[in-house]
Every structure is written in structure tokens, then in C-alpha cells.
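Data block below; observations after.
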Amino acid sequence: MRYLAATTAAEAAAALAAETGLTRVLAGGTDVLVQLRSGLVEPELVVDIKKIPGMREITAEAGGFRIGAAVSGAEIGEHEALCALWPGVTEGVQLIGSTQVQGRCTMTGNLCNASPAGDAVPSLVAANAVARIAGPQGERDCPVAEIPSGPGKTTLKKGEIISSIFLPARPGRASDAYLRFIPRTEMDIAVASAAVSLELDSGGTVKTARIALGAVAPTVIAVDAAAALLVGTRLDDGTLAKMAQACEAVCKPIDDKRGTVAFRTKTAGTLARRAALIAYARAGGSR
Amino acid sequence: MVKVLLWGSLRQATGGLAEVEVEAANFKQLLDRLAVEYPGLKPQIARGISLSLDGVIYREAWFTEIGPDSEVVLMPYMTGG
Amino acid sequence: MTKIHVSTTINGDAHEFLCAPDETLLDVLRNRLGLTGAKEGCGTGDCGACSVTVNGRLVCSCLVLGAEAEGAEIATIEGMADGDDLHPLQRHFIDGAALQCGVCTPGILVAAKALLEKNPDPTDEELRYWLAGNLCRCTGYDKIIRAVQAAAAEMRGA
Amino acid sequence: MSLDEYRKREFKQVGTRVRRPDGVDKVTGRAMYGADATAPGMLWGRILRSPHAHARIRSIDVSAALALKGVKAVVTAEDFGVPEDDFTRDVQDNCMARGRALYDGHAVAAVAAVDQATARAALKLIKVDYEILPHVTDVDAAMQPGAPVVQEGRVQENVPKGFSDNVTAHFEFGHGDLDAGFAKADKIVERSFKTAATHQGYIEPHACLASVTSDGKADLWCCTQGHFYVRTLCAGILGMEASQLRVTASEIGGGFGGKTTVFIEPVALMLSKKAGRPVKLVMSRDEVFRATGPTVSSSSDIKIGMTKDGRITAAEATLRYQGGAFPCGTTEFGTQAAFAAYDLDAVRTYGWSVMTNRPKEAAYRAPGAPVAIYAVESVVDELCQHFGLDPLDVRLKNAARKGTKSSYGPTFPDIGLVATLEAARAHPHYKAPLGPNQGRGLSCGFWFNFGGNTCVSLNVNTDGTVGITEGNPDIGGSRASISLMAAEELGIPYDNIRTIVADTSSLGYNDVTDGSRVTFAVGLATIKAARDAVRKMCARAAKIWGIDEEAVQWKDGAAVPAGPNAGKFPPMTLAEIAAVSAETGGPIAGHYEVNADGAGVSFGVHLCDVEVDRETGATKVLRYTVFQDAGKAVHPDYVEGQMQGGAVQGIGWALNEEYIYGEDGRLQNPTFLDYRVPVASDLPMIETVILEIPNPGHPYGVRGVGETGIVPPLAALSNAVSHAIGLRMSELPMSPPRILKALGGS
């Protein structure tokens, strides 16, 4: 294995493109090092992107924020303006691993690890976040929702790395929330998760809604049918129950050591309902 | 003679008796007599037997004295975590 | 594998070492530098026994490559006491019997110190969540929580 | 040996909360654990493990590994002999598979190389030709005739016909007429239970450093609960003389029973012997889960009859334990312990030991008792619920006490159960109000405790300080307790004493640190060694004063004339006697060797409040209180620590910890990520109430406290959850999917 601490995105992309063997991009390393340790993954080249300018920065842009690919969860949690604008996204990132893992893990890494259970991903999908990708052919932007293509797989092409993720501006009465279920209170992988992003009108009625579920399908999934049910409502119990059912209807989870199909399905609906209420309250709604 | 209470699954070695009497003044003599009079007990004696004497458990002390009126109960050899 | 030369600062002292590209900071500390205070309990970031700080940030050293230490400031349990003067956390851990076997203790002390530097007056709940990545199998955490709070109170001058 | 009668006394130092002697080392990172030692020219060992649950090993080709630059030795089962006795052979076969891999993770070969990377690379070059065999991992399935047989020829004479050869032993305990008893009952509850296997979960993986020299001498440094026993096992396996193998116990990063045997030590010794260099062998966490320690999993049927006023009329339990791929040494204890808390006229327990294709079970804190008592205490709770009776009243009404014929045979001497139950009833926790979806559970717990082989030396230094040499790894502060007892006996300050754990060449045989024995047995031996030293110091003073030895006695750390007739001499302190020891006959030391008995059984009661989220099945522990009889708490901090630690391990067992096997017989969750031990944020404070009902078998009244604490949480939690959700739970762990399913929510 070779280790390269790239100093520009172009250098990183070129090195990754040129390597014929297995490669890994190292940002926080909280997934990559576990893979190395397991012995199941033996990359020829690991490219550390933390020394690339901008990778560790959060910058305001067009009323939203651009978050460098190597910004750690802890750094995101300490950014008050970002947390105020996208509380669901930032709480999702901050649920990854322990305090120690927070010191290193990144939102982009969580996305590129492409686990359907990644805690950062549902909120990003619900937020319509956009990834900026650097590659051998230059830069391109891509909705976060289109990055994962299956467990452990992404749509990124050889040599491409995500350099940042952009979270757009929000109107006044808008917010989001993320909830996951784990058997303990910390240190687990989500058994099911839900992110809800809402915009309200001045009267507190839902104007737009996005819902994304984690750990219930091969990738994080946006549930537009469920979200549509919320629009035009003030989240009355009947609406929430229907929304939860709509969420359950699209779940296609697996049975494994972390949870059963039935449990994941039921819990995804429960979490979506609870997350919707939190997002609604955060957006200034009152039922 | 000492009355010795056996645990249930040892009864098969004593013709169904849950309590047997042997001549013994200490634990060693007790085990030796049991092995002679009830040879079916030998495998368990080899695996290990502890002794409860008047409610106090002795793991292996051969020369623990046993009085004629003592309560003697056999137990599987004790270990722990 | 060609080894990498790394210059770093550990507990305030300059260090240089050679390490393999895939070698973790934990292995470097323990096997190359003789700093065995950080322990490997899992090697996958799930137990916190290898906690150190890198540039002031609490991390699991098993999830950091040695090569990444280039130019960094690292603090380990070995640097926590000032000579013979134990850090208040260390004293309160002894006085409050907050350790039994002690193998998780270095990681917990490093983690607790990082918390108190950020939040000198944590609630029990904040403290428990902060330390959730530090497994202790002996104590049930009760005396650990009490000892950290006692140290925090002393450090606040309360 | 006659028992050391307890005598009531006022303690000056015992019972105080002194600083432990290893504290500074442990808070500064200086303490040396198993993986922290190095040696000149040291190699790194690594073990190749079976990926199959059950497979015949047709051949192992190590030639490519041996040819790799930097590889210095490869070891397989062929390097070892075949021990004659079953016990040693099982231990050896568990360390290195002979002919057949019996479980996922079973060691099949090992290498020693110049560095870890080379050792890892070498393992990949070893070619093992496996013939995969059918496997079985479930206890009930393994008992059925026709189940894949894990090992042939292991069935004991006590097993009735009609079962699979996996059933290796059968036990029956109890007394009285069950039919008559059940006929008197107003209500009989029969219920079956299942519990998953759990792991001791110590944070320090097994690690050792072995050095065998060409003249046949060997040194072994390892983390273990009992280095003398490690010596016995390793010497037996390697065909060495005990005198040539010196084992030194490192500081130990937790054991809980799991470090009472060997897993890697014989392999490291063999690698070192073949390579001619020291070899360090450290397990990964994955190896720890796959190849060491787990406790039994169980399945059980409980039947208890009760009158409407709460008297138990008859009780019966059938307990089936699987202990992995070798005959299990846990069944008999659980089978004896099941009804220990009750005074019963008619009781019967049946135990079955079963082999499966899982790792060989190792002891785990009160082995066998937690799962048996979980099932019993659940049914007692259900009966209390049925009659609307207070569960503490019912337990008091049926409590075992002095004179009770125990369910396992002996008549109890002084025991602390009633006092413990009364303490629980008087505690504010028991009367505290509960909110919606909350429930309170309680359970009794029991463990036998024992003493065992113990050898202690106590050296009086010429400057008036004292060094104690003992042979039991200190797993939770025992050096502090031992120094305290010596300080009490000698009448000198605690700080003037230092207790160390010596290597196997320094003392006679010491049993493993297990059975909650150390504070009891090593404490007893230390007190006796101190008395031996005191007798010698009195003799020196007598010589100096020119009076008879009998005319001198020891008081407050000094020799004094026994009475006015002995003469008028000022007290001569320990330091003063020590200072002139060279002039009065040479060094002064006390010794004591004993196979200690009379440990005294231990009872505890746990109270627990939980809240269940009915939509997700998640359980939150709100409040937890432990009541336990310690006999005498020598160092109360560490007694509380045992109670708290045991409780939390039990909480983990009850709620989330479990070995999960796939259809392929492979362990699915060999990580701390998915083997879910409780984390700090899962728990409330664990309140403790120490009771002190002196053990008549110890001079200070000490009882072991280490194990009982893990017994009650399983049922306390299960009863609390059952009350909170209004449904009886009967399977552990009560993971959220299981609770939600019971609630019909999924």
C-alpha cells in the first residue's frame, strides 16, 4: 500500500485515476481504517485529501453552506450557523460513532461509504444537498441522492472524489430533523432511520416536504409519496399515521443481526412520524 | 457410620438410594469407601466431588473430619468465574 | 512496503519515526515509541481504549494512520500528569475508585479531559454521552461519572 | 482444617476507603498489561482460524508460509502431543484444532514472524484443505437424536439413553415429593425460557509474551486470572516441568471468568520453542469473540406451584445448557443454584450439558446461575402477579435462612438473604412512584463462593515497612484489600505495606482468581501470615527483654508485656523490632499456606425500574439498586464496584448482548459494534446497599462479593419490562425487535 497526502484535488484525482489496483480515499478514515484492519480490503493506494485547500472548511455560499469533504463531524457540530440552518443534517452527522469518531468522521465519507444505514445521508437527501465532484475531467455537481447506488457502491467514476457538499439556503419557516433507532443509546449502526425536511407557510401549513429513510432499502431512499401527504396539512395525527404507512409501504429492508424486516419497517414509519413533528416544531409550526 | 446425601443423578450408582451410609471419619475415607461400595460412583469421583459438611462447602480437603452426626452432602466439584 | 518518515510532536516533545503506510497511530505509539498507555481493545474505534488527541481533537488512535501524524500535535495519557503532579482527573479516579482493572482508564481520562476543556461543567447526561465511546466492563460507569464530576468541580474551583 | 471462627471486633483500618497501590500506574498509562511487554529479538505471532463451523481438516500446507522472508516458525496441532487426560486434551484442542475444526474461529495454525505485517501475510499463505461437515449451534437442536455430533465419545455415564451424543452430562438435585407439593398449590405456572450466549467482554484482549530457551527453560508473561494454573496447563500441554516454566501475570484488563484458562499461551510457547526467539501473541477483538470465553446459552422449563397466600408448595426446573464444542463445566452450578433462595419442601432441578459448534464456554461470573435464576425468578414474579401479592413479601415468606435445607442439599448456616430482602423492602426505591410505561422488577441472586489454594508471604522490612507477596492477579483492587487486612492485623499504617502479585517461581500454588475467592482466601492467608510474623516478632521482643515468649503479646503495632507479671518494658514497635532483626536472629517473615474452605454463600437482591417505548420496543433503565451481603466490606469502594459492575453486565445480558449465529454457523457479530455491551449513556447511577452479615468461616467475617451481582439483573430487568408492557417476556436478550414483536407492533 502507498499513502499519498495530496495537496490539490487534481493531484488526488490524477493519482486515483492512474492507479490500476484498488484505491481508497482517506478523509476521516473511520470507515477506511476499519476496512484495512479487517484484511478484507487491501488497497494499493490510499489518498489522504485533508491537506487539499478547502477540504476542511465550511464556507457560506448563496445563503447556504458548502462543507468541505474532510470537515469532521465535531467541526460541523461546532458551526452554530450551519446547525441553526440545517439542524437535521447536522444532528445526523453528529450521530455517527462516538465522540472520538466525531473527531475524524466526515459527512462526505459517510456518503461515499454508501451504507444504507449511514446517519449523515438521509438528512442530506431530504435537504436536496448537492455534492461537488472533482475528477480527471474536472468538476461536476451531483445531487447527493444520486451518489449511492447500492450497499458499498457509488456512482462515482474512477478518479472522482467528492470535494464538498452544498446545503442550500432556506426560507424563514423551514427546518429539518433526523432520528435513527439503535438498540443502545450510542455506538450502534442505525437499524432504521428517517429524515424529514419541511417548509411552512406563514400560517404553519406545510408548503413543501421531503422525507428520506435509511436502513430499509439497498440505499437511502426519498419517499416522495409520503412527503406529499404532509403538504397542505398541519401534521394532524391522521395525516401522520397515513404518512407513516406510506413510509412503511416502500421499505424493503433485510433481516440481519441488527434487526428484522418487520421491526425495521415499523420503526421507519414511527421515526418518520416523530422526526416530522420535530422538524415542524423547529420550523415554527404549532399543531 | 456417616449418612451421605447424594445428588439425584448419582442414584443410578447406588441402586436408587439418595442417601447411603459408609464408615468414614474424614473426607478421604468417605470417598474411598464410596468408591469401594458403589463402584458406579468412580467416574464422578475422578471428575471431582466437593463436600458439604454441616452446610459448609469443602472443595477437596481429604482430612476434613466428619463426625457421626454431621450432615454430609456430596456436590460436584466447585469452580467459579 | 516502503516506510514513511514522519515528524510529529507528542506530549510537547518532538518525535520522528518511520512507519509503514498502513500502520495505525496506535501501533506507532505502542510498538515504535514505547508509549503503551493507549490500549487496543478493539482496533475498530468501538471501545475508546486507544483515545488520544490529535491537534486538540479527541480521536481513536486505532483509526488514524501513523503517516497522518506528520506535523501534528499529539497528546497521550503519558503526558497528562505534570511530572509528579497528577491531573485532577487522575487524582479523583484513584480517590474515587473509578477504576477496577484499569485498562480502559487511560482512554477515559484522555476523553474526560477533552470534555472538561470544552465544557467545564457538564451534566451527568452530557458526560455519559461524551464517554459513550469509552467502554468500561468493570465499573458500570457509576464511579467514573462521579470521579469526573468531582474533578470538574475542583477544576472549576467550586 | 478447622474453620477460622469469626470473632466480632472493632476495625481500625478494614472498612476504610484507602487509595489502591496500583492507582498511579493505572492513571498514568504506566501499568503493564498483557500486550505491553517486549523482549529482545521478539517475534510477532498470529493465529489462523477456521472460517467454518465444523470441518474435517484434511491437510494443512504451511510450506509457502515458511518460505516467506521473515517467517521464523509455523505451528499446527502436529507440533503438540496428545494429552491423556480429557481435561488437558480439551484445553489443548481448543487452543489448536486437531483433525477437526469444531467452531467458527477455532485455531488451526499459527506463525511467528519478524513483524505483524509479515505474520499477517504468512497466514494467507497457509493452505488448509477443509471438508465441511454439518453443524449445530442451538442447544435444543443439538440434543435431538440425529443432530450433527460435535465430538464422539464424550457422554458421561449419567446421561439417559435417547439423546444425541452431544448431550454429555445430566444432573439432578432436590428433595421432597413434587406431586404432593403441586397438589397443594392454588396456582401452578409452567413456562419455558431461552437465553442467548454472552461474552465476558473484558476490554483487554488476551495477550502474552513467551520465551523458551534451548536449555528447556521458559518464561511466560500473560494476562490471566491465574498464572499458576496457566503454568499447570502449559506445562502439561508442552510436556515441561513446572519448575522450568515461570509464568508472570501482567496487570489484567478484566476477566470475569474468561481468563481462567489458556487460549494462546501454549501456542506462543510452541512458536517460541520452534523459532528460538521470544514471541508475542495478541488476540484481536474478533478473535476474542470468536474463540474465547462465551458463556452458555440456555433453554429451560420452570414449573412452580403456589398457594394463594404466597407459599411455594413445589418447584421444578429443567435447564439445558450448551457450552460450545467441548463438555461444559457450568451446568451443575446453575442446576444447583436455581432455587437456592427458597425454603422448599419439594424441589427438583435437572441439568443437561450439551455440545454445539460454538467456542468452548469459559466461566463467566457465577457460571450457570444467572440464566437458571432468571427463569425461576420470572415464574415467581408471575405467580405474585397472579395472586396480586407483593413480590418482596412472597420472597420473604419463602426465603432460605439458617436451618433451611437448600435446594442443592446442604442445610444453610448463617446466611444473609432475609436481611437483604428486608433492606430492599425498607429502601425508598421500593416505594417510589412509577409513571406510564414504566415497570419495577426485582430478583434474588445467589452464588456459592469458594476459597481454594492460597499461599502468602509477608516480609517485615528492616525499616519497619512490610511487603506482602501473593499469587492472585488483582482484578478489581484486591491488593488494596489485602494490604488493609495486613495493616489491621499488624497495627501499622496501610501506607507502610505494599502487596505485590508474584510470579509462579516465588510462591506455592495459588488457585485462579475466581469463585469470588481472593478477598476471602488470600485475605485469610494474609491475616494468618501476619499472625505468624507477629508471633516471631513477639519472640524477638521476648529475647530482647529476657522473658518468655508467652509473656509477650501484640497490641497496636507493638510487642508489649502480656501482663504485670511479665515485667515492665515499654512497647517495642514493629519498626523497632525490625530495625534490630539482624542482631536478633535474622529477617522476619510470616507465611501461610492453605486450601481455604468456609467461603460462605452470598445472596443479593436487585431492584430495577424501566421505561419501555411501546412504539420501538426500546427499554431505558431508570433506576437501579443493588442490595448484597458482603460479610464484611474490607474496602467498601471496591465492594460497591463489584456490585455495580456485576449489575451492569447483567443489564447488558438482559437487554442487548447476544451471540448471533448465521445459518452457516458463523458468528455474525464479533465486534463491540454489534456485540452490544452497555455504554455510559445507557445507564443510571447504580445505587448500592452493602449488608454485613459476618461469614463465620473468616476471621473478619468476609464473604466473596464478585459474582453474585451478575445473577439478579436478568430477572429484575425481565420482570420490570414485563410489568411495564403488561406481557410476560421469556427470552433474553429483550432486544427492541423482540419486545416490539411481543407487543404486536411488528
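The values are calculated or read from the model by the stated rules, or taken from the named source; none is laboratory data. The model shown is predicted, which means the values in this text are computed figures rather than measured ones. Here the Cβ is made from the backbone with ideal geometry for all residues, glycine too, and neighbour counts use every protein chain on show.
Quick notes on this one:
- From D:Pro694, D:Pro636, residue being surrounded by fewer than 24 Cβ atoms within 10 Å (Cβ to Cβ), under 24 Å from D:Thr513 (Cβ atoms), more than 8 Å from every other protein chain (Cβ to nearest Cβ) and modelled with pLDDT under 95: D:Pro694
- B:Leu74 meets the stated requirement of being buried (at least 19 other Cβ atoms within 10 Å of the Cβ) and either under 11 Å from the mean Cα position of the chain (by Cα) or more than 13 Å from chain D (Cβ to nearest Cβ) (or both).
- First in region D:460-488 and within 19 Å of D:Phe520 (Cβ to Cβ) and within 14 Å of chain C (Cβ to nearest Cβ), second anywhere and part of a loop (DSSP other than H, G, I, E, B) and among the basic types (Lys, Arg), Cβ under 6 Å, 6 or more apart: D:Gly477/D:Arg20; D:Ala480/D:Arg20
- Count of residues meeting criterion [touching a strand residue (DSSP E or B) at 6+ places or on another chain (Cβ under 9 Å) and crowded, with 24+ Cβ neighbours inside 10 Å] in region D:309-324: 8
- Selection count, region D:232-261, where residues are outside any helix (DSSP H, G or I) and either more than 20 Å from the chain's Cα centre (by Cα) or away from every other protein chain (no Cβ under 14 Å) (or both): 7
- Residues in region D:75-106 that are assigned to a loop (DSSP other than H, G, I, E, B) and among the acidic types (Asp, Glu) were compared, and the one that is surrounded by the fewest Cβ atoms within 10 Å (Cβ to Cβ) is D:Glu84.
- Residues being of a type outside the set (Phe, Trp, Tyr), in contact (Cβ under 8 Å) with a residue 60 or more places away in the chain and part of a strand (DSSP E or B) - total across region D:41-73: 15
- Only listed residue being of a type in the set (A, V, I, L, M), touching a helix residue (DSSP H, G or I) at 6+ places or on another chain (Cβ under 8 Å) and surrounded by fewer than 24 Cβ atoms within 10 Å (Cβ to Cβ), chosen from D:Ala249, D:Ala242: D:Ala242
- Scanning region D:155-207 for residues that are aromatic (Phe, Trp, Tyr), in a strand (DSSP E or B) and within 14 Å of chain B (Cβ to nearest Cβ) returns D:Phe171, D:Phe173.
- Search result, residues across region D:533-576 that are closer than 24 Å to D:Tyr494 by Cβ, of a type in the set (D, E, K, R) and not in a loop (DSSP other than H, G, I, E, B): D:Arg535, D:Lys536, D:Arg540, D:Lys555, D:Glu576
- Among the residues of region D:347-363, not a single one is surrounded by fewer than 24 Cβ atoms within 10 Å (Cβ to Cβ), part of a loop (DSSP other than H, G, I, E, B) and touching a residue at least 60 places away in the same chain (Cβ under 8 Å).
- Cβ-Cβ contacts under 7 Å between residues 6 or more apart (or on different chains), taken from a first residue in region B:39-67 that is at the interface with another protein chain (Cβ under 8 Å from one of its Cβ atoms) to a second residue that is of a type in the set (S, T, N, Q) and not in a strand (DSSP E or B), are listed as B:Gly40/B:Gln12; B:Pro43/D:Gln156; B:Asp54/B:Ser70; B:Tyr58/B:Thr64.
- Residues in region B:1-54 that are in contact with a helix residue (DSSP H, G or I) (Cβ under 7 Å, 6 or more places away or on another chain), closer than 22 Å to D:Phe448 by Cβ and not hydrophobic (A, V, I, L, M, F, W, C): B:Gln44 only.
- Of the strands (runs of 3 or more DSSP E) entirely within region D:386-477, those holding at least 2 residues that are modelled with pLDDT of 95 or more and within 30 Å of D:Lys620 (Cβ to Cβ) occupy D:438-447.
- Qualifying residues in region C:121-148 (those that are closer than 23 Å to D:Val18 by Cβ and among the small types (Gly, Ala, Ser)) - the one nearest to the other protein chains (Cβ to nearest Cβ): C:Gly140
- Scanning region D:24-47 for residues that are surrounded by fewer than 21 Cβ atoms within 10 Å (Cβ to Cβ) and of a type in the set (A, V, I, L, M, F, W, C), we see that the one that is farthest from the other protein chains (Cβ to nearest Cβ) is D:Ala39.
- Criterion (among the polar types (S, T, N, Q), in the same structural domain as A:Met187 (by TED's automatic domain parsing) and buried (at least 23 other Cβ atoms within 10 Å of the Cβ)) met by exactly one of A:Thr208, A:Thr267, A:Thr260, A:Thr239: A:Thr267
- Residue identified as within 14 Å of chain B (Cβ to nearest Cβ) and more than 23 Å from D:Thr513 (Cβ to Cβ) among D:Ala275, D:Ala317: D:Ala317
- All strands (runs of 3 or more DSSP E) inside region C:11-120 with 2 or more residues being within 14 Å of chain D (Cβ to nearest Cβ) and modelled with pLDDT of 95 or more: C:13-19, C:51-54, C:73-75
- Answer residue from region D:639-688, given it is part of a strand (DSSP E or B) and within 14 Å of chain C (Cβ to nearest Cβ) and is farthest from A:Val34 (Cα to Cα) among those: D:Thr688
Every residue, every condition in (1) surrounded by fewer than 24 Cβ atoms within 10 Å (Cβ to Cβ); (2) at pLDDT below 95; (3) not assigned by TED's automatic domain parsing to the domain that holds D:Pro436; (4) not charged (D, E, K, R), yes or no:
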site	(1), (2), (3), (4)
D:Glu583	yes, no, yes, no
D:Gly586	yes, no, yes, yes
D:Val605	no, no, no, yes
D:Ala618	yes, no, no, yes
D:Val626	no, no, no, yes
D:Glu640	no, no, no, no
D:Gly646	no, no, no, yes
D:Ala654	no, no, no, yes
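- Screening region B:1-26 for residues that are part of a strand (DSSP E or B) and in contact (Cβ under 8 Å) with a residue 24 or more places away in the chain and picking the one that is nearest to the other protein chains (Cβ to nearest Cβ) gives B:Leu5.
- Residues that are in contact with a helix residue (DSSP H, G or I) (Cβ under 6 Å, 6 or more places away or on another chain) and part of a helix (DSSP H, G or I) within region D:689-739 comprise D:Gly709, D:Ile710, D:Pro713, D:Leu714, D:Ala715, D:Leu717, D:Ser718, D:Asn719, D:Pro737, listed in sequence order.
- Within region D:13-34, the set of residues being part of a loop (DSSP other than H, G, I, E, B) and in contact (Cβ under 8 Å) with a residue 60 or more places away in the chain comprises D:Gln13, D:Val14, D:Gly15, D:Thr16, D:Arg17, D:Val18, D:Arg19, D:Arg20, D:Pro21, D:Asp22, D:Ala31, D:Met32.
- B:Glu60 falls short on exactly one of the conditions (1) crowded, with 16+ Cβ neighbours inside 10 Å; (2) of a type in the set (D, E, K, R); (3) not in a loop (DSSP other than H, G, I, E, B), and that condition is (3).
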